[in-house]
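Shown next, in structure tokens, is the structure this report addresses.
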Amino acid sequence: MSQTIKLTVKFLSGSTQFSVDVPADASVAALKKAIQPQASLAPEAQKIIFSGRILKDEDTLEKVGSFSCF
């Protein structure tokens, strides 16, 4: 069973910040779906940026690496 991690989500404007819990082996697409209820933003309209690059929906959080910087 996969470990669950808590990620802090921030808008680029810095105006909104909240946390979501997702499995460590979740895809970026799954993360976007977890963000949708709190952000009121469709997954297709979201961009997840980590270490200066936009992550692809098929990337997994495990592949990306460090979770504390999301």
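Among the residues of the stretch 18-25, is there at least one that is within 16 Å of Lys6 (Cβ to Cβ) and among the polar types (S, T, N, Q)?
yes
If you take the residues in the stretch 10-22 that are in a strand (DSSP E or B) and open to solvent by 60 Å² or more (accessible area, probe 1.4 Å), which one is modelled with the highest pLDDT?
Per the criteria, the residue is Asp21.
List pairs: first in the stretch 31-54 and surrounded by fewer than 16 Cβ atoms within 10 Å (Cβ to Cβ), second of a type in the set (Ser, Thr, Tyr), Cβ under 9 Å, 6+ apart or cross-chain?
Gln38/Thr16; Gln38/Ser19; Ser51/Ser66
With the structure loaded, tell me whether Lys63 is at pLDDT below 95, open to solvent by 80 Å² or more (accessible area, probe 1.4 Å) and under 10 Å from the mean Cα position of the chain (by Cα) or whether it fails that test.
No; evaluated as a whole, the condition is false for this residue.
Identify all residues within the stretch 39-65 that are within 15 Å of Phe11 (Cβ to Cβ) and in a loop (DSSP other than H, G, I, E, B); write none if there are none.
Ser40, Leu41, Ala42, Gln46, Lys47, Ile48, listed by residue number.
The values are calculated or read from the model by the stated rules, or taken from the named source; none is laboratory data. Predicted model only: the values in this text are computed from it and were never measured. Every residue, glycine among them, receives a Cβ derived from its backbone with ideal geometry; neighbour counts consider all protein chains shown. Ligands, DNA and RNA are stripped out before the accessible areas are found, and what is left, the full protein with its side chains, is counted by its heavy atoms. Shrake-Rupley method; radii C 1.70, N 1.55, O 1.52, S 1.80 Å.
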